[in-house]
Amino acid sequence: MTPHLPKLLEWLQDYNWPVARELQPLLVKAPLEIVPHIRNILKGDDDVWKYWVLSCLVKNLDSPIKNMLSGDVERIINHPTKGEIAEGVHIAAKEVMF
């Protein structure tokens, strides 16, 4: 699964896609190698994707992996872009941290 993580994460661009709901439980159990791929999403400009990744994936990750993403999540909470505000990404980020 590891080499396919970037492609699998693309299915979370819209959680309304049926396959996203099937992949989410598998991705939650993904190895630490998922962290850089999630970071790339959180640093990217697809705010809807960020929302879904935070609310459906990061929220359900084990604490050690969540902690590895805390800097990226805190940036969204403390300094959200206009797009992140418009899509509710900053709210999803708060729910992940607390």
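Starting with the fewest neighbours, write out His79, His90 ranked by other beta-carbon atoms found within 10 Å of each beta-carbon. Write down the numbers at each step before the final one.
Numbers: His79 9, His90 21.
Listed from fewest to most nearby Cβ atoms, that is His79, His90.
Under unit Cβ charges (Lys, Arg +1; Asp, Glu -1), what dipole magnitude, rounded to 20 debye, does the chain have relative to its Cα centre? Please list the in-between numbers first.
Working: 11 positive and 13 negative charges, 38 e Å.
That gives the chain a dipole magnitude of about 180 debye.
Give the lysines reachable from Lys94 as a straight Cα distance under 24 Å; neighbours fewer than 8 places away on the same chain don't count.
Lys94 reaches Lys29, Lys43, Lys50, Lys59, Lys66, Lys82.
For a label point 7 angstrom out from the Cα of Asn16 toward its Cβ, which stretches of region 26-54 have the backbone nitrogen within less than 20 Å?
It comes to 46-54, nothing else.
Relative contact order for region 2-97: what is it in percent, counting Cα pairs under 8 Å that are at least 6 residues apart?
About 28 percent, as a whole number.
Give the separation of the Cα centroids, region 1-44 to region 73-98, in Å.
19
Tell me, in nm to one decimal, what length is gained between Gln24 and Lys66 on full extension, where the rule is 0.36 nm per residue of separation less the Cα-Cα distance?
The Gln24-Lys66 span can extend by a further 13.6 nm.
For region 7-98, just say rounded, prolate or oblate: build the C-alpha gyration tensor, square-root its eigenvalues into a ≥ b ≥ c, call rounded for a/c under 1.5, and beyond that prolate if a/b exceeds b/c, oblate if not.
Details: a/c = 1.72, a/b = 1.21, b/c = 1.43.
Here region 7-98 falls in the oblate category.
Quick note: the coordinates plus some simple rules give every number you see, no bench work behind them. Keep in mind it's a predicted model, so treat the numbers as computed, not measured. Glycine also receives a Cβ, built like all others from the backbone with ideal geometry; neighbour counts cover every protein chain displayed.
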